[in-house]
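Since the structure comes first, as structure tokens, the remarks are kept for the end.
Every number in this text was worked out from the coordinates using simple rules, so none of it is lab data. These numbers come from a predicted model, not from an experiment. All Cβ positions, glycine included, derive from the backbone under ideal geometry; neighbour counts span all protein chains shown.
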């Protein structure tokens, strides 16, 4: 018993004779596979970025957003739609009636141009309560955060994000200076600790003002766009979420839970929702990239058909010296599978390389971006290229095998 | 070894039937050097293709080594082409950008089993091209290319070597060399069947069959060659 090497030898000879063509034949597959690998990897990297961001806020938080939502989807307010039903008073009611909630903060948000002595910085202002540091488990590096009194009296005080402070003051001390936020003048009372970029927001490019100041002076509204509730340690988060919902229904006069005008999510639920969203997005993009693999396969088939036409006399010669139909078809089938799989392996190599470079650059820029290559995506890529090779080689191989040796030898 | 009985061959193109060979009766014994002569379009190449298992007959019988070739399936015909016969074509038909050695090895790739590299070396040596073994086919002269084609035809030590206008693309000196090699192979026991329209080439054969309009018009011994061969033997 021996292994029949002749189709391998013949394939090697044919690829060697047409190096450039072989490379171009594989190029479609190289691009297709590397695109799929990159998209799946970037999807996983982006997911890790968001997950890390949420985890960094703390897993003992419950978020309340205005507007209803499907069980797994985000509420409308996430997409920038203003809903005015959620009030600061709702938070006070929750805190007084749900013992598991130990603290809460309301949030409003807006765009801010922060300026001082001709220097300007575009940033976001966030109106929060005085207990914000406790809620989000963060701290100030210099100065202080504002007090309840300052919040209640809608004082014009601001705590700068580290990036804003650096941009406006370089490395000099910003405390006790006055900055203009849009058209209002604020006292700088503190600078936040750097928290890095993450998710959709760069928290270092935010400035923090009292909630009342944000509502009344900056935005002229009486509602809040987000509420975060801190759950007592050891409390059951799921049952607390249900209690919070009950209070909100009472507050908003809702009797039918189907008609809730708010969404309550624990961080765990938010993580699940995000994973569902990012998974769906990356699989959709991978499918789009997968179409390029089909195009690559058609490219291989096309070039193999041209190659067969060009090699008609050679096929005739091979038949004249004893090649059987299956020898010819196997030879072309192996050739397409080899070209496709070599393309696939190169695609994996470039896909992994580019994904790795993206993660290195993202980490360098301060994003908590994980480099993720799943073995499933690699196995899928290899399997797919094998199938593409077989499918795109089948018809040309059949056509070559069926050539009449005399007609083939006479082909001009 | 070969017997053709009332062999006929037609080419059918849609409704149009073109007769190419008519009522061919021919016996060829082992060790013969036969030239099939005839003008262009007379059917001599078609006859060679049928004899060489490349084409099938329309009616009649082709008996090869006591077997009716019409009863053989595609795979068996491929084995016959690989083991029993070797072809030398007018246009050489070498694999492009491929070495002499690899070209000569080609039939062995389809023989099953491991390739016996010695057979390749011996075939190349028999046409005196050992020094060109590693050359690519496009680096050779016409005469050398045809010698490579002969080595390829020989490598499986076939019973019959078919040569279709083997000197047609060569200068007279190279042509003479090729014919000398074919004569030598015949002397070593190979049956050689030559297809040509040139009298100068055919004169090297010991028997000449003439075809015209698809029919055999004469079948005679070439006494000149027989005498020369006998003289050679006496020497």
(request) Would you mind ranking B:15, A:122 so that the residue whose beta carbon has the fewest other beta carbons within 10 Å leads the list? (result) B:15, A:122
(message) Report the Cα centroid-to-centroid distance between the stretch B:84-111 and the stretch A:162-180 in angstrom, as an integer.
(response) 83
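Using Cα pairs under 8 angstrom and six or more residues apart, how large is the relative contact order of the stretch A:126-280, in percent? Don't skip to the answer; put the middle values down first.
Values: 191 pairs, mean separation 38.7, N = 155.
Normalised by residue count, the contact order of the stretch A:126-280 is 25 percent.
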(request) Please determine, in degrees from 0 to 90 and to the nearest 10, the orientation of helix A:325-364 with respect to the longest principal axis defined by the Cα atoms of chain A, where the helix direction is its Cα long axis. (result) 20
(message) Can you tell me which of A:209, A:15, A:31 moves the most in a GNM of chain A? Springs connect C-alpha atoms under 10 Å apart.
(response) A:15
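Would you mind giving the average projected area, over all directions, of the Cα convex hull of the stretch A:84-260 in nm² with one decimal?
Numbers: hull surface 43.7 nm².
The directionally averaged projection comes out at 10.9 nm².
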(request) Ratio to report: Rg/Rh of the stretch B:2-234, with Cα atoms as the point set and Rh obtained by the Kirkwood method; give two decimals. (result) 0.97
(message) Rounded to the nearest 5, what % of DSSP beta bridges with both residues in the stretch B:2-234 are antiparallel?
(response) 55
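Let me know the volume per residue of the alpha-carbon convex hull for the stretch A:205-306, in Å³.
Working: hull volume 25.2 nm³, N = 102.
Here the figure is 247 Å³ per residue.
How much of the DSSP beta bridge set in the stretch B:112-235 is antiparallel, as a percent to the nearest 5?
Values: 6 of 11 bridges.
Expressed as a percentage, antiparallel bridges in the stretch B:112-235 total about 55.
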(request) Grab every C-alpha pair in the stretch B:158-211, bin the distances at 10 angstrom width from 0 up to the longest one, and report whole percents. (result) 25, 59, 16
(message) Using C-alpha positions alone, give me the convex hull volume of the stretch B:1-126 per residue in cubic angstrom.
(response) 158
(message) Just to be sure I understand the model, the point goes 7 Å from the Cα along the line to the Cβ. What's the resulting residue A:305 to residue A:187 distance in nm?
(response) 8.0
(request) Based on other C-beta atoms within 10 Å, arrange B:124, A:83, A:30 from fewest to most. (result) A:83, A:30, B:124
(request) Compute the relative contact order of the stretch A:309-387 as a whole-number percentage, counting only Cα pairs closer than 8 Å that sit 6 or more residues apart in sequence. (result) 35
(message) Between the stretch A:293-371 and the stretch A:91-148, what is the separation of their alpha carbon centroids in Å?
(response) 56
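Please grab the % of Cα pairs in the stretch A:87-166 that end up more than 23 Å from each other.
Values: 928 of 3160 pairs.
Tail fraction, whole percent: 29.
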(message) Let me test this: with uniform point scatterers at the alpha carbons of the stretch A:373-412, what is the Debye-based log₁₀ I(q)/I(0) at q = 0.17, 0.30 1/Å?
(response) -0.59, -0.91
(request) Using the Kirkwood radius over Cα pairs, work out the Stokes-Einstein diffusion coefficient for the protein assembly as shown at 4 °C and 1.567 mPa s, in µm²/s as a whole number. (result) 40
(request) Can you bin the stretch B:41-95 into rounded, prolate or oblate? Criterion: square roots of the alpha carbon gyration tensor eigenvalues sorted a ≥ b ≥ c, rounded for a/c under 1.5, prolate for a/b above b/c, oblate for the rest. (result) oblate
(request) List the pair-distance distribution P(r) of the stretch B:1-63, using every Cα-Cα distance, as the percent of pairs falling in each 10 Å bin from 0 up to the bin containing the longest distance, rounded to whole percents. (result) 20, 55, 21, 3, 0
(request) Assuming a ≥ b ≥ c are the square roots of the Cα gyration tensor eigenvalues, decide whether the stretch A:302-402 counts as rounded (a/c under 1.5), prolate (otherwise, with a/b larger than b/c) or oblate. (result) prolate
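Per Stokes-Einstein, at 4 °C and 1.567 mPa s, what whole-number D in µm² s⁻¹ belongs to the stretch B:94-179, with the Kirkwood radius over Cα pairs as the hydrodynamic radius? List each step's numbers first, then the result.
Values: Rh = 13.0 Å.
Rounded, D is 99 µm²/s.
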(message) If you fit an axis through the alpha-carbon atoms of helix A:237-252 and take the longest principal axis of the Cα set of chain A, what angle between them do you get, 0 to 90°, nearest 10?
(response) 60
(message) Can you tell me the orientation of helix A:6-17 relative to chain A, as the angle in degrees between its alpha-carbon axis and the longest Cα principal axis, to the nearest 10?
(response) 70
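Normalized C-alpha radius of gyration of the stretch B:66-114, against 2.2 N^0.38 Å? Let's see the in-between values first.
Numbers: Rg = 13.4 Å, N = 49, 2.2 N^0.38 = 9.7 Å.
Against the compact-globule rule of thumb, the ratio is 1.38.
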(request) Over the alpha-carbon set of the stretch A:134-176, divide Rg by the Kirkwood Rh and report the Rg/Rh ratio to two decimals. (result) 1.00
(request) Using label points projected 7 Å from each Cα along Cα→Cβ, tell me how many nm separate residue A:268 and residue A:375, to one decimal. (result) 2.9
(message) With a cut-off of 8 Å between alpha carbons and a minimum separation of six or more residues, what is the relative contact order of chain A in percent?
(response) 29
(message) How much of the DSSP bridge set in the protein assembly as shown is antiparallel, in percent, rounded to the nearest 5?
(response) 70
